[in-house]
Amino acid sequence: MQVSKRVVFVTPPTIYDRNGGGMQTQVYRTKEELEQLGYEIEFYTAHKHYDAKQYLCAHAFCAGASTYFPTLSLAKQGLPIVLSTVFIRGSASRLSDIAYRYGHDLIERLPWKLLDDTICARKQAAMAKAALPNTRFEQLHCESVLRLASSKCRVIPNGIDTDWLDLPKDKDAEPSTIAGGIQQPFVLCVGRINDRRKHFPLVAEVCIELGMRCVLVGNWDATIRTSESQRLQHLIDTRSDLIHYVGPLPYRSRELSEMYNRCHVFALPSDFETPGLAALEAGYCRANVIITNVGGTEDYFGSNAIYVSPGNKQQLRAAMEQAVNAPKNEELRERVGSSYKWKNVAELTAAAYSDFIVS
């Protein structure tokens, strides 16, 4: 009997934003490459009944409250669940991790059946036939916090597209107005500026202390009024000679490609990354990457990046001084270009479908 290759994707609503970030890229590029392999991918809608006999599985991206109820609905309709966890909560501290886990154990025992992001993710982990974390670190975290069975797990790395990152070889080609207006060398930060990514003001402060130019790229949620957001705005307003916020740049745009290629240092010392698609893109463009040591980033970058603990200003300062004085990173370009492309990701995902669902 021929096995169906129809798959329902369940995603957080944020992937439909104009600049949905790394999750948006992961979902759409996985979809496109799976379709090249003969799969039929459709996005979940609450107004449709799904006949389980017509589908291979449902694939949910990002465990938690944003995808829990669609996942539950599809499971009740008989579709096997594949879960790309994209889940790290709590802290890098082992003690904090234990406290976080047992705190949610207590919540589950309460008689009121309370649901929060982690409880929802636990329920998804229990119903999933396969779980596809992006790093070994994430897998172990999910095994601990979500009680995810290791027998269900297979690490599937993230990927990038490289075609748009290679600039024209014409030496006379003029850079875009944005990139051309920033004097080199500079430190680049790319990502959503929100309450989870608290490293932006820290990077800006260290750059000011070292007299280095810093360029910030990404969506900035205007509704956020945290102390970190106010701190960053103050640095931009008072030290515009060194700190430049250029706003969001479209994915695959020439302007963003030029930023990656012209920066000497790329900094992503956030609370955790798995691994941060922007860091992979910058690494392919030979930038010297400074990145958090939390989330499994070493799986991707190996010895070709400088690792720092989240929030550690002293480590970040030393890393900045090391990175700005180092030559461009040719080894990282080779590592990323050979191992982390979306075609590879789709092939590994298809193999997981076959091994966990079909077999």
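Every number here is computed from the coordinates shown, using simple stated rules; none is lab data. No experiment lies behind these values; they were computed from the predicted model shown. As a convention, Cβ positions derive from the backbone with ideal geometry for all residues, glycine included, and neighbour counts pool all protein chains shown.
When Rg and the Kirkwood radius Rh are both evaluated on Cα atoms of the range 9-84, their ratio Rg/Rh stands at 0.95.
Each eigenvalue of the Cα gyration tensor of the range 229-332, multiplied by 5 and square-rooted, gives one semi-axis; in descending order these are 21, 18, 14 Å.
What net charge do the residues around E205 carry, taking every other residue with its C-beta under 10 Å from that of E205, with Lys and Arg at +1 and Asp and Glu at -1?
Summing Lys/Arg as +1 and Asp/Glu as -1 gives +3.
Take 79-87, 238-246 and order them by the average number of nearby Cβ atoms within 10 Å per residue, most first; the result is 79-87, 238-246.
Computed from the C-beta positions of K328 and D166 and an R0 of 22 Å, the FRET efficiency is 0.95 to the nearest 0.05. Full extension of the segment from S338 to R254, taken as 0.36 nm per residue of separation minus the current Cα-Cα distance, would add 28.0 nm. Among beta bridges identified by DSSP and lying wholly in the range 163-339, the antiparallel ones come to about 0 percent.
The ellipsoid that matches the Cα gyration tensor of the range 163-339 has semi-axes, each √(5λ) in whole angstrom, of 23, 20, 15, with the longest given first. With unit charges on the beta carbons (Lys and Arg positive, Asp and Glu negative) and the dipole taken about the Cα centre of the chain, which residue among W164, T85, N288 sits farthest to the positive side? Working it through, the farthest residue towards the positive pole turns out to be T85. Using a simple spin-label model with pseudo-atoms 7 Å out from Cα toward Cβ, R154 and D105 lie 3.1 nm apart.
For the range 270-331, the extents of the C-alpha atoms along the principal axes are 27, 24, 17 Å, listed from largest to smallest.
When the Cα positions of Q139, V217, H199 are compared along the charge dipole of the chain, Q139 comes out farthest toward the positive end, with charges on each C-beta of Lys, Arg, Asp and Glu. Expressed as an acute angle from 0 to 90° and rounded to the nearest 10, what is the orientation of the C-alpha long axis of helix 94-109 relative to the principal long axis of the chain? Once rounded, one gets 30 degrees. If only the Cβ of Lys and Arg carry +1 and only the Cβ of Asp and Glu carry -1, the dipole of the range 163-339 around its Cα centre is close to 260 debye.
Annotation for Q314 and Q54: the two label points, set 7 Å from Cα along the Cα-Cβ direction, are 6.3 nm apart. If you take the alpha carbon atoms of the range 244-284 and fit the smallest convex hull around them, that volume is 94 Å³ per residue.
Each Lys or Arg adds one and each Asp or Glu takes one away; over the other residues whose Cβ falls under 12 Å from the Cβ of Y50, this sums to +2. Scaled against the 2.2 N^0.38 Å expected of a compact globular protein of N residues, the Cα radius of gyration of the chain reads 1.03.
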